[in-house]
Amino acid sequence: MPGITVPDIVRMKADGRRIVMVTAYDYAFARLADEAGVDVVLVGDSLGMVVQGHSTTLPVTVDQMVYHTTIVRRGVEKALVVGDMPFLSYQANRDDAVWNAGRFLKEAGAAAVKLEGGVAISDTIASMVKADIPVMGHVGLRPQAVHAMGGYKVQGRGLDAQRVLDDALAVEAAGAFSIVLEGVPAELAARITGALKIPTIGIGAGSDCDGQVLVMHDMLGLFDRPSPKFSKRYADLGAATIEAFRRYGDEVRSGKFPGDEHTIA
Ligand code: KIV
């Protein structure tokens, strides 16, 4: 059992402690995130873009998500591991949704699942919660709805704010233990955070959320496409990696590597 539990995350809001969440997709980086003390490791379906190279998250399958959640789980001792449910794994019917969600706990060892949507999927969230599957909601900019939204666009401006608030309230009423607010104006995120008892975890939602999440490849400079404005780069591992590969290539070509110290006598 990992150290941080679902009730611990809920309590963090009451205690005024901010929640730190980051995505990871494999053992190596999950272990590093855990060692750094993040509270929640999210195996995001963003892996469709940053790991698989697709232009959206839509092609990702449940089998792929369960596989990545399994290898992340092996690297984590303390953080809460949350598996992201991919497009069409929970929207079509409730029974399939519960079975698919259950796979993340049963096969991959996650403690919870995350799914996108509000009012429209609140019954599905309630069915999962009834089956003792903890659910993290996700409202506002929903990447799986990229075509319905007409692109990756900020949600909840002006009169549309009430719709996003209603979605968040529906997710809480359905029994979710926390909720991601993505791509919403900071003022609306603050209003939602004040209205909900469950913690809000923001990405592009300002500083008043109860926690923050970033996509690992954006924050470490590992993605080849421009990062969103709201993301912050904390390291440039992309440049460091290219430099390491270059030096290796130079040394192989010049005969410097392997030297005597890397040679079996
Ligand atoms: O898939 C993902 O990485 C996410 C985060 C951006 C919250 O849903």
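Things worth noting here:
- Selection within the stretch 129-144 - more than 12 Å from the ligand (Cβ to nearest atom), without any contact (Cβ under 8 Å) to a residue 60 or more places away in the chain and under 19 Å from residue 44 (Cα atoms): 133, 135
- Test: residue in the stretch 37-54 that is touching a residue at least 40 places away in the same chain (Cβ under 8 Å) and charged (D, E, K, R): yes
- Residue that is away from the ligand (no atom under 16 Å from the Cβ), in a loop (DSSP other than H, G, I, E, B) and free of Cβ contacts under 8 Å to residues at least 60 places away in the same chain, where the choices are 170, 235, 239, 176: 235
- Flag for residue 82 being buried (at least 24 other Cβ atoms within 10 Å of the Cβ), within 13 Å of the ligand (Cβ to nearest atom) and outside any loop (DSSP other than H, G, I, E, B): yes
- Flag if residue 114 is closer than 24 Å to residue 23 by Cβ, loosely packed, with under 15 Cβ neighbours inside 10 Å and either in contact with a His (Cβ under 9 Å, 6 or more places away or on another chain) or touching a residue at least 24 places away in the same chain (Cβ under 8 Å) (or both): no
- Hey, residue 163 closer than 30 Å to residue 28 by Cα and basic (Lys, Arg) or not: no
- Annotation note: of 48, 109, 53, 37, the sole residue that is of a type outside the set (S, T, N, Q) and under 30 Å from residue 194 (Cβ atoms) is 37.
Throughout, read-outs are computed from the coordinates displayed, never taken from laboratory work. Just so it is clear, the structure is predicted and the values come from calculations on it, not from any experiment. When we count neighbours, we look across all protein chains shown, and the Cβ atoms used for this are built from the backbone with ideal geometry, even at glycine.
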